[in-house]
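See below for the structure under consideration.
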Amino acid sequence: MAVADVGFLLYWAVVFAGLIPSELAYKDYADPILRDWNLSFVALDLAASLTGLAGLCRTPVSRPLITVSLTLTSTAGLQAVAFWALRGDFSLTWWLPNLFLLLFPLPALVVLTRRPRERAA
């Protein structure tokens, strides 16, 4: 989880610093609509990252923060995968990282949302 949270922060730092040359970026990244679509994820990704990193600080609210972070991370992956699927664009360079974001939180969310088993008397 920490890798994804730090990855979000690094990705947005690189984007805002303009360090991704257009010839290395996705083929349609020069399209202003796709740039705006990408930027629409800033709030979602930063919320996922900050709640996740805060949740790693072992406090009484760690479990809810981690649950929120993992949910937001999975949502970000789902939104991106849905977008590229609707466009009929199946480039692995976009699909693999977004499938990772969609899927890696799911097992942890199952564990976090299960009720503890009651012990037999």
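Values quoted throughout were computed directly from the atomic coordinates according to the rules given, and no laboratory measurement underlies them. Only a predicted model underlies this, so the values are computations on that prediction, with no experimental measurement involved. Here Cβ is always computed from backbone atoms with ideal geometry, including for glycine, and neighbour counts include all displayed protein chains.
A simple spin-label model places the labels of residue 84 and residue 42 2.3 nm from each other, with each point 7 Å out along Cα-to-Cβ. Place +1 on the Cβ of every Lys and Arg and -1 on the Cβ of every Asp and Glu in the chain, take the dipole about the Cα centre, and give the residue among 113, 1, 20 whose Cα lies farthest towards its positive end. Going by the charge dipole, the pick is 113.
Taken about its Cα centre, the chain carries a charge dipole of roughly 760 debye when the Cβ of each Lys and Arg holds +1 and the Cβ of each Asp and Glu holds -1.
The modelled label-to-label distance between residue 94 and residue 33, using points 7 Å beyond Cα along the C-beta direction, is 1.2 nm. Dividing the mean sequence gap of close Cα pairs (under 8 Å, 6+ apart) by how many residues the chain holds gives a relative contact order of 23 percent. Pick the calculated Cα Rg over 2.2 N^0.38 Å for this structure from [x] 1.00; [y] 1.87; [z] 1.23? Calculated Cα Rg over 2.2 N^0.38 Å: the matching label is [z].
Calculated on the alpha-carbon coordinates, the convex hull of region 36-91 measures out at 70 cubic angstrom per residue. Helices in the chain that qualify as membrane-span-like (whole DSSP H runs, Cα extent of at least 15 Å along the helix axis, mean Kyte-Doolittle hydropathy of 0.5 or higher) are 2-16, 42-55, 62-87, 92-103.
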